[in-house]
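The structure appears right after this line, and notes come after that.
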Amino acid sequence: MIKIKLLALPLALLLMLGACSDNDSAEKAEESVTPSETEAAAETVADAPKTDLDLPAADEVVVVVNGEEIHGTVYNSVARQLESSLATQGKKATDPEVAGQVKEQAITVIVGNKLIIQDAIKKGHEVDAELVEQRLEELKNQFENEEQMTIALQRTGFTLDDMKQQLREQVIYESYLAEDIEGAEVTEEELKESYQGYVDSTEGESPEFEEMKPMIQKSLEERNVQQAVYERIEELREAADIDVKI
(Lines give C-alpha, C1' and ligand atoms only; values in the text may rest on other atoms or scores of the structure.)
Protein backbone atom coordinates (compact mmCIF):
# COMPACT_ATOMS: atom_id res chain seq x y z
CA MET A 1 0.00 0.00 0.00
CA ILE A 2 2.84 2.40 0.81
CA LYS A 3 4.36 1.60 -2.55
CA ILE A 4 1.35 2.69 -4.59
CA LYS A 5 0.61 5.67 -2.39
CA LEU A 6 4.09 7.09 -2.86
CA LEU A 7 4.20 6.36 -6.56
CA ALA A 8 1.00 8.32 -6.95
CA LEU A 9 3.03 11.48 -6.32
CA PRO A 10 6.36 10.88 -7.97
CA LEU A 11 9.46 12.98 -7.63
CA ALA A 12 9.29 12.90 -3.84
CA LEU A 13 7.97 16.45 -4.03
CA LEU A 14 5.29 16.08 -1.43
CA LEU A 15 7.58 13.91 0.63
CA MET A 16 10.05 16.74 0.67
CA LEU A 17 7.38 19.28 1.55
CA GLY A 18 6.04 16.97 4.22
CA ALA A 19 9.45 16.93 5.82
CA CYS A 20 9.44 20.71 5.67
CA SER A 21 6.00 20.99 7.23
CA ASP A 22 7.12 18.76 10.10
CA ASN A 23 9.30 21.66 11.15
CA ASP A 24 6.66 24.31 10.44
CA SER A 25 5.69 25.00 14.04
CA ALA A 26 9.31 25.26 15.07
CA GLU A 27 10.02 27.63 12.19
CA LYS A 28 7.21 29.97 13.22
CA ALA A 29 8.65 30.18 16.71
CA GLU A 30 12.01 31.34 15.42
CA GLU A 31 12.85 34.92 14.57
CA SER A 32 13.38 35.83 10.92
CA VAL A 33 16.92 35.13 9.78
CA THR A 34 18.81 38.02 8.22
CA PRO A 35 21.82 37.68 5.87
CA SER A 36 24.11 38.64 8.75
CA GLU A 37 22.98 35.64 10.80
CA THR A 38 24.96 33.10 8.80
CA GLU A 39 26.26 31.32 11.88
CA ALA A 40 22.74 30.75 13.23
CA ALA A 41 21.62 29.54 9.82
CA ALA A 42 24.49 27.06 9.72
CA GLU A 43 23.42 25.68 13.09
CA THR A 44 19.88 25.29 11.76
CA VAL A 45 21.12 23.36 8.76
CA ALA A 46 23.04 21.06 11.04
CA ASP A 47 19.82 20.43 12.98
CA ALA A 48 18.62 17.91 10.40
CA PRO A 49 15.70 15.56 11.15
CA LYS A 50 16.91 12.74 13.38
CA THR A 51 17.05 9.31 11.83
CA ASP A 52 18.25 5.84 12.72
CA LEU A 53 19.04 5.13 9.07
CA ASP A 54 22.53 4.97 7.62
CA LEU A 55 21.99 7.52 4.86
CA PRO A 56 24.30 8.36 1.94
CA ALA A 57 25.79 11.80 1.44
CA ALA A 58 23.52 14.28 -0.34
CA ASP A 59 25.72 14.32 -3.45
CA GLU A 60 26.37 10.56 -3.51
CA VAL A 61 24.98 8.69 -6.51
CA VAL A 62 22.42 6.25 -5.14
CA VAL A 63 21.07 4.73 -8.34
CA VAL A 64 21.45 5.25 -12.08
CA VAL A 65 18.33 4.83 -14.21
CA ASN A 66 18.87 4.61 -17.97
CA GLY A 67 22.01 6.72 -17.60
CA GLU A 68 20.47 9.34 -15.28
CA GLU A 69 21.90 9.65 -11.80
CA ILE A 70 19.75 10.02 -8.68
CA HIS A 71 21.56 11.42 -5.66
CA GLY A 72 21.33 11.03 -1.93
CA THR A 73 19.28 14.22 -1.56
CA VAL A 74 16.21 12.62 -3.11
CA TYR A 75 16.79 9.17 -1.65
CA ASN A 76 17.23 10.52 1.87
CA SER A 77 13.99 12.51 1.74
CA VAL A 78 12.02 9.44 0.67
CA ALA A 79 13.79 7.17 3.14
CA ARG A 80 13.09 9.49 6.08
CA GLN A 81 9.40 9.64 5.19
CA LEU A 82 9.23 5.86 4.95
CA GLU A 83 11.03 5.59 8.27
CA SER A 84 8.42 7.88 9.86
CA SER A 85 5.58 5.93 8.29
CA LEU A 86 6.89 2.60 9.58
CA ALA A 87 7.53 4.11 13.01
CA THR A 88 3.79 4.76 13.36
CA GLN A 89 3.39 0.98 13.03
CA GLY A 90 5.90 0.41 15.82
CA LYS A 91 8.69 -0.52 13.42
CA LYS A 92 12.03 1.13 14.16
CA ALA A 93 14.91 1.55 11.73
CA THR A 94 17.28 0.34 14.45
CA ASP A 95 16.01 -3.11 13.42
CA PRO A 96 18.18 -4.20 10.44
CA GLU A 97 15.15 -5.82 8.81
CA VAL A 98 13.18 -2.57 8.98
CA ALA A 99 16.17 -0.57 7.73
CA GLY A 100 16.44 -2.97 4.80
CA GLN A 101 12.74 -2.56 4.09
CA VAL A 102 13.10 1.23 4.05
CA LYS A 103 16.04 1.02 1.65
CA GLU A 104 14.21 -1.35 -0.71
CA GLN A 105 11.04 0.74 -0.76
CA ALA A 106 12.92 4.03 -1.15
CA ILE A 107 14.83 2.67 -4.15
CA THR A 108 11.55 1.37 -5.62
CA VAL A 109 9.94 4.78 -5.26
CA ILE A 110 12.72 6.92 -6.70
CA VAL A 111 13.37 4.53 -9.59
CA GLY A 112 9.67 4.44 -10.39
CA ASN A 113 9.52 8.22 -10.28
CA LYS A 114 12.44 8.56 -12.66
CA LEU A 115 11.06 5.97 -15.10
CA ILE A 116 7.73 7.79 -15.28
CA ILE A 117 9.34 11.17 -15.93
CA GLN A 118 11.65 9.71 -18.56
CA ASP A 119 8.66 8.14 -20.31
CA ALA A 120 6.71 11.40 -20.11
CA ILE A 121 9.53 13.39 -21.70
CA LYS A 122 9.96 10.73 -24.36
CA LYS A 123 6.27 11.10 -25.21
CA GLY A 124 6.68 14.86 -25.64
CA HIS A 125 5.39 16.25 -22.37
CA GLU A 126 7.04 19.57 -21.61
CA VAL A 127 7.39 21.96 -18.70
CA ASP A 128 4.88 24.80 -18.42
CA ALA A 129 7.25 27.44 -17.04
CA GLU A 130 4.43 29.80 -16.05
CA LEU A 131 2.69 27.07 -14.06
CA VAL A 132 5.95 26.12 -12.34
CA GLU A 133 6.47 29.73 -11.21
CA GLN A 134 2.89 29.87 -9.98
CA ARG A 135 3.38 26.69 -7.95
CA LEU A 136 6.64 28.03 -6.55
CA GLU A 137 4.93 31.21 -5.37
CA GLU A 138 2.19 29.15 -3.73
CA LEU A 139 4.83 27.18 -1.84
CA LYS A 140 6.68 30.32 -0.79
CA ASN A 141 3.44 31.73 0.60
CA GLN A 142 3.28 28.83 3.06
CA PHE A 143 6.27 30.35 4.88
CA GLU A 144 6.68 33.68 6.62
CA ASN A 145 9.46 34.62 4.22
CA GLU A 146 11.88 33.06 1.75
CA GLU A 147 14.58 32.73 4.41
CA GLN A 148 12.28 30.48 6.45
CA MET A 149 11.55 28.33 3.39
CA THR A 150 15.24 28.06 2.56
CA ILE A 151 16.06 26.92 6.09
CA ALA A 152 13.25 24.36 6.01
CA LEU A 153 14.58 23.04 2.71
CA GLN A 154 18.13 22.89 3.99
CA ARG A 155 17.01 20.68 6.83
CA THR A 156 15.98 18.09 4.26
CA GLY A 157 19.12 18.57 2.15
CA PHE A 158 17.24 20.33 -0.64
CA THR A 159 17.97 23.70 -2.22
CA LEU A 160 15.60 26.12 -3.92
CA ASP A 161 16.89 24.88 -7.27
CA ASP A 162 16.09 21.31 -6.22
CA MET A 163 12.55 22.39 -5.39
CA LYS A 164 12.14 24.08 -8.77
CA GLN A 165 13.29 20.90 -10.50
CA GLN A 166 10.82 18.86 -8.47
CA LEU A 167 8.04 21.27 -9.47
CA ARG A 168 9.01 21.01 -13.13
CA GLU A 169 8.82 17.25 -12.95
CA GLN A 170 5.51 17.37 -11.10
CA VAL A 171 4.00 19.50 -13.87
CA ILE A 172 5.30 17.06 -16.49
CA TYR A 173 3.85 14.18 -14.49
CA GLU A 174 0.42 15.79 -14.26
CA SER A 175 0.36 16.29 -18.03
CA TYR A 176 1.43 12.68 -18.55
CA LEU A 177 -1.21 11.46 -16.12
CA ALA A 178 -3.96 13.35 -17.92
CA GLU A 179 -3.01 12.26 -21.44
CA ASP A 180 -1.27 8.89 -21.20
CA ILE A 181 -2.67 7.10 -18.17
CA GLU A 182 -6.18 5.68 -18.01
CA GLY A 183 -7.48 3.83 -14.99
CA ALA A 184 -9.97 0.98 -15.17
CA GLU A 185 -13.63 1.97 -15.21
CA VAL A 186 -15.34 1.92 -11.83
CA THR A 187 -18.35 -0.40 -11.78
CA GLU A 188 -21.61 0.01 -9.89
CA GLU A 189 -20.81 -3.16 -8.01
CA GLU A 190 -17.49 -1.70 -6.78
CA LEU A 191 -19.27 1.46 -5.68
CA LYS A 192 -21.81 -0.48 -3.66
CA GLU A 193 -19.13 -2.73 -2.13
CA SER A 194 -17.10 0.29 -1.04
CA TYR A 195 -20.18 1.95 0.40
CA GLN A 196 -21.12 -1.18 2.33
CA GLY A 197 -17.58 -1.43 3.66
CA TYR A 198 -17.87 2.13 4.91
CA VAL A 199 -21.23 1.44 6.54
CA ASP A 200 -19.93 -1.71 8.24
CA SER A 201 -16.91 0.09 9.68
CA THR A 202 -18.76 3.20 10.87
CA GLU A 203 -20.63 3.54 14.11
CA GLY A 204 -23.97 5.28 14.03
CA GLU A 205 -26.09 6.24 11.04
CA SER A 206 -24.37 6.58 7.66
CA PRO A 207 -25.36 8.84 4.75
CA GLU A 208 -27.40 7.22 1.99
CA PHE A 209 -25.56 5.52 -0.88
CA GLU A 210 -26.63 8.11 -3.47
CA GLU A 211 -25.32 10.90 -1.26
CA MET A 212 -21.91 9.29 -0.91
CA LYS A 213 -21.69 7.90 -4.43
CA PRO A 214 -19.84 10.87 -6.03
CA MET A 215 -17.16 10.82 -3.32
CA ILE A 216 -16.74 7.05 -3.55
CA GLN A 217 -16.61 7.29 -7.36
CA LYS A 218 -13.79 9.83 -7.22
CA SER A 219 -11.84 7.83 -4.66
CA LEU A 220 -12.06 4.62 -6.69
CA GLU A 221 -11.16 6.41 -9.92
CA GLU A 222 -8.04 7.81 -8.26
CA ARG A 223 -7.19 4.35 -6.97
CA ASN A 224 -7.51 2.88 -10.45
CA VAL A 225 -5.36 5.60 -11.98
CA GLN A 226 -2.67 4.99 -9.36
CA GLN A 227 -2.79 1.29 -10.12
CA ALA A 228 -2.41 2.08 -13.83
CA VAL A 229 0.65 4.21 -13.03
CA TYR A 230 2.17 1.37 -11.04
CA GLU A 231 1.55 -1.08 -13.88
CA ARG A 232 3.17 1.32 -16.35
CA ILE A 233 6.20 1.59 -14.10
CA GLU A 234 6.52 -2.18 -13.99
CA GLU A 235 6.46 -2.27 -17.81
CA LEU A 236 9.12 0.42 -18.01
CA ARG A 237 11.23 -1.31 -15.37
CA GLU A 238 11.44 -4.49 -17.45
CA ALA A 239 13.19 -2.63 -20.27
CA ALA A 240 15.20 -0.24 -18.08
CA ASP A 241 18.91 -0.23 -17.22
CA ILE A 242 18.97 0.22 -13.44
CA ASP A 243 22.20 0.28 -11.46
CA VAL A 244 21.80 0.58 -7.67
CA LYS A 245 24.94 1.98 -6.07
CA ILE A 246 24.18 1.58 -2.36
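Mind checking which of Ser194, Ile246, Val225 is farthest towards the positive end of segment 137-246's charge dipole, using Cβ charges of +1 (Lys, Arg) and -1 (Asp, Glu) about the Cα centre?
Value: Ile246.
Kindly state, to the nearest 0.05, the FRET efficiency for Gln118 paired with Val199, given R0 = 35 Å and r defined as their beta-carbon distance.
Details: r = 43 Å, r/R0 = 1.24.
Efficiency, rounded to the nearest 0.05: 0.20.
Could you give the distance between the Cα centres of segment 81-144 and segment 182-246, to the whole Å?
Segment 81-144 and segment 182-246 have Cα centres spaced 20 Å from each other.
Rounded to the nearest 0.05, what FRET efficiency is calculated for Val127 and Met215 with R0 set to 35 Å and r the Cβ-Cβ distance? Intermediate values should be presented prior to the final figure.
On the way: r = 33 Å, r/R0 = 0.93.
My answer for the efficiency is 0.60.
Within segment 226-244, name every residue whose backbone N is under 17 Å away from a label modeled 7 Å from Cα of Glu182 along the Cβ vector.
Residues 226-232 qualify, since their backbone N sits under 17 Å from the label point.
Kirkwood Rh, segment 97-162, all Cα pairs: how many Å? Could you put the intermediate results ahead of the total?
Details: mean 1/r = 0.0681 Å⁻¹.
Result for segment 97-162, one decimal place: 14.7 Å.
Given H placed 1.01 Å from N in the peptide plane, which residues other than close sequence neighbours of Val244 have an amide H under 5 Å from its amide H?
Val64
What is segment 148-246's relative contact order, in percent, from Cα pairs under 8 angstrom and six or more apart in sequence? Mind dumping the intermediate values first?
Working: 36 pairs, mean separation 30.8, N = 99.
Once divided by the residue count of segment 148-246, the mean separation gives 31 percent.
Please go through the residue pairs Lys50/Lys103; Lys140/Lys218; Lys140/Lys245; Lys91/Lys192 and name each one whose alpha carbons sit more than 24 Å apart in this structure.
Violating the 24 Å Cα-Cα cut-off are Lys140/Lys218; Lys140/Lys245; Lys91/Lys192.
Could you check how many percent of all C-alpha pairs in segment 187-243 are farther apart than 19 Å? Walk me through the numbers before you get to the answer.
Numbers: 744 of 1596 pairs.
When all Cα pairs of segment 187-243 are counted, 47 percent exceed 19 Å.
Pairwise over distinct Cα atoms, reciprocal of the mean inverse distance: report the Kirkwood radius of segment 53-161 in Å, one decimal place.
Details: mean 1/r = 0.0628 Å⁻¹.
Radius from the Kirkwood sum: 15.9 Å.
Output the relative contact order of segment 48-179, whole-number percent, from Cα pairs under 8 angstrom with separation of 6+ residues.
Once divided by the residue count of segment 48-179, the mean separation gives 25 percent.
Taking a label point 7 Å from the Cα of Val244 along the Cα→Cβ vector, which residues of segment 80-103 have an amide N closer than 14 Å to it?
Counting only backbone N, you get 97-103.
Apply the Karplus curve 6.51 cos²θ - 1.76 cosθ + 1.60, θ = phi - 60°, to the phi angles in segment 85-96 and return the couplings in whole Hz, x for Gly and Pro.
Per residue, the Karplus-derived 3J(HN,Hα) values read 4, 5, 5, 5, 9, x, 9, 9, 6, 5, 7, x Hz.
Roughly speaking, what is the stretch gain from Glu174 to Arg237, that is 0.36 nm per residue apart minus the C-alpha to C-alpha distance, in nm to one decimal?
On the way: separation 63, 0.36 × 63 = 22.68 nm, distance 2.03 nm.
The Glu174-Arg237 span can extend by a further 20.7 nm.
Kindly write out, for segment 237-242 in residue order, the coupling ³J(HN,Hα) from the Karplus curve 6.51 cos²θ - 1.76 cosθ + 1.60 (θ = phi - 60°), rounded to whole Hz, with x marking Gly and Pro.
With the stated coefficients, segment 237-242 comes to 4, 4, 9, 8, 9, 10 Hz.
Using a 1.4 Å probe on the protein heavy atoms only, what accessible surface does Leu160 show? Give it in Å² to the nearest 10.
Counting only protein heavy atoms, Leu160 exposes about 40 Å² to solvent.
What full-extension length gain, to one decimal in nm, is calculated for Glu146 and Glu68 as 0.36 nm per residue of separation minus the Cα-Cα distance? Walk me through the numbers before you get to the answer.
Working: separation 78, 0.36 × 78 = 28.08 nm, distance 3.04 nm.
Contour length minus the Cα-Cα distance gives 25.0 nm.
The values are calculated or read from the model by the stated rules, or taken from the named source; none is laboratory data. Source: prediction; values computed, not measured. Methodologically, a virtual Cβ is constructed for each residue, glycine included, from the backbone with ideal geometry; neighbour enumeration extends over all protein chains shown. What goes into the accessible areas is simple: the full protein's heavy atoms, side chains included, and nothing from ligands, DNA or RNA. Shrake-Rupley method; radii C 1.70, N 1.55, O 1.52, S 1.80 Å.
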